[in-house]
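In what follows, a structure is listed as C-alpha cells, so that the remarks can point back to it.
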Amino acid sequence: MKFGVNCTFTDRSTMSPAEYGRAVEERGFDSIFLAEHTHIPVDERSPYPFGDRPASLYHTIAPFVALTAMAGVTHHLLLGTGIALVAQRDPITTAKLIASLDLVSNGRFIFGIGSEWNAEEMANHGGDPARRGAIASEHILAMKEIWHRDKAEFHGEFVNFDPIYSWTKPVQRPHPPVCIGGGEKAFARVVEVGDGWFPNPQSSDGLKPKIERLREFAGREVPVTVLHVGAAEAEIVNGYGQAGVERIVFPLDTEATDPLADLDELVALTADLAVDLDSSLIPGTSEREA
C-alpha cells in the first residue's frame, strides 16, 4: 500500500506549494493531490457533501499552478488532482495543460477527476449540472484523442472539433492515469474512460465488496486510490489495506499553524501500522533505518 496527501492551497496557506511539496517528498510519501474550485457562487444552494464547509474553498489556488511549482523542486513525488472538475473545463486547453505538466514533471502527473457537487459553480461555466457525468466522460475521451494523435479530431454531443495539432504530448504513454471519483454510480465511467477508481469514503466499511464488483464489471484489475475523508486512524488504514486499496490519500490543512507537524504525525502513524506491507512503501521507514 502507498500513502499520499490531499490538500488545498490558498492565499492563506502557511507554506508555499514548493516548500510543502518538497517536505512531503522528503518524508517518503508517494503522492500529493490538490483540490480544485474556480470560484464559489455567492448565491450557492448546493449542499457541501462532507460536513462543515471549509473556508479554504473560497481561497483556492489553481491546482495546476501549485503542482507545477512542486514539480520543479521534487524528483519522485507523484502530482495529482484530487479532484479536478473536468466537466466544467475546456477539453482542448486542459489536454494541453496536463500534457505540459506531465512533461515538466517527467511523467509524474495523475489526473484525478470527479463530478461537481456545486451545481451553481458548474452552471456559471456554461454546463448543465444534470448532465455532468456524461459531459465529464466526453471531455476525457476528447482529451485522449488529443494526447494519442498528431492529428486529433472529435465529434460528440458536448465536444466538437475538426482535426487539430496539439503538442506537446504527455510523457506517460498512452496518457497520464485517469482516476475517476465517485461511488458505484461512477463504475461505468471508470470502465469507459478511466484507469482507476478514486472514491472518498470515511471508512473501509463495505468497500471491499464494491471493489470486487467494480473489478468483475470491468473484467480487469482496477487500481483503487482512496481519498480518505476524516482523521487518519490506524484501524481505518488497516481496513483499507484488507479491502484491496492500492493507495490511501489523507487530508491535511495547509492553513495550519504548523503544517509540518501534521505531516510528521502522519508519518508516525503510517510507519507504526501493524499492516502486512512492504516497509519500503511506508513513509519514514527508510529514514529511520538509515
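Quick notes on this structure:
- Output for region 167-195, where each listed residue is surrounded by 19 or more Cβ atoms within 10 Å (Cβ to Cβ) and either farther than 19 Å from A99 by Cα or of a type in the set (S, T, Y) (or both): G181, G182, A186, F187, R189, V190
- Condition met for I146 (in contact (Cβ under 8 Å) with a residue 40 or more places away in the chain, under 19 Å from the mean Cα position of the chain (by Cα), outside any loop (DSSP other than H, G, I, E, B) and surrounded by 15 or more Cβ atoms within 10 Å (Cβ to Cβ)): no
- Enumeration of residues in region 101-123 that are assigned to a helix (DSSP H, G or I), of a type outside the set (D, E, K, R) and out of contact with any helix residue (DSSP H, G or I) (no Cβ under 8 Å at 6 or more places or on another chain): L103
- Screening region 2-22 for residues that are surrounded by fewer than 19 Cβ atoms within 10 Å (Cβ to Cβ) and hydrophobic (A, V, I, L, M, F, W, C) and picking the one that is farthest from A232 (Cα to Cα) gives A18.
- Pair list, Cβ < 6 Å and 6+ apart or interchain, from region 1-26 residues that are among the basic types (K, R) to residues that are modelled with pLDDT of 95 or more and not in a loop (DSSP other than H, G, I, E, B): K2/R247; R12/H59
- Set V229, V237, V224: member being surrounded by 15 or more Cβ atoms within 10 Å (Cβ to Cβ), closer than 26 Å to L266 by Cα and touching a helix residue (DSSP H, G or I) at 6+ places or on another chain (Cβ under 6 Å): V224
Results for (1) hydroxyl-bearing (S, T, Y); (2) over 22 Å from I83 (Cα atoms); (3) touching a Phe, Trp or Tyr at 6+ places or on another chain (Cβ under 9 Å); (4) at pLDDT 95 or above, shown as yes or no for each residue.
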site	(1), (2), (3), (4)
R189	no, no, no, yes
E192	no, no, no, yes
W197	no, no, yes, yes
K210	no, no, yes, yes
R213	no, yes, yes, yes
E216	no, yes, no, yes
V222	no, no, yes, yes
E235	no, yes, no, no
P259	no, no, yes, yes
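- Per-region count, region 58-77, residues out of contact with any Phe, Trp or Tyr (no Cβ under 8 Å at 6 or more places or on another chain) and either closer than 15 Å to E36 by Cβ or touching a residue at least 60 places away in the same chain (Cβ under 8 Å) (or both): 6
- Screening region 37-82 for residues that are polar (S, T, N, Q) and either part of a strand (DSSP E or B) or in contact with a strand residue (DSSP E or B) (Cβ under 8 Å, 6 or more places away or on another chain) (or both) and picking the one that is modelled with the lowest pLDDT gives S56.
- Among the residues making up region 199-210, those that are within 19 Å of G114 (Cα to Cα), touching a helix residue (DSSP H, G or I) at 6+ places or on another chain (Cβ under 9 Å) and buried (at least 17 other Cβ atoms within 10 Å of the Cβ) are P199, P201, L207, K210.
- Inclusion of G241 among residues that are over 24 Å from K144 (Cα atoms) and in a loop (DSSP other than H, G, I, E, B) is not warranted.
- Scanning region 1-36 for residues that are under 18 Å from V229 (Cα atoms), assigned to a loop (DSSP other than H, G, I, E, B) and among the polar types (S, T, N, Q) yields a single hit, T8.
The values are calculated or read from the model by the stated rules, or taken from the named source; none is laboratory data. Only a predicted model underlies this, so the values are computations on that prediction, with no experimental measurement involved. When we count neighbours, we look across all protein chains shown, and the Cβ atoms used for this are built from the backbone with ideal geometry, even at glycine.
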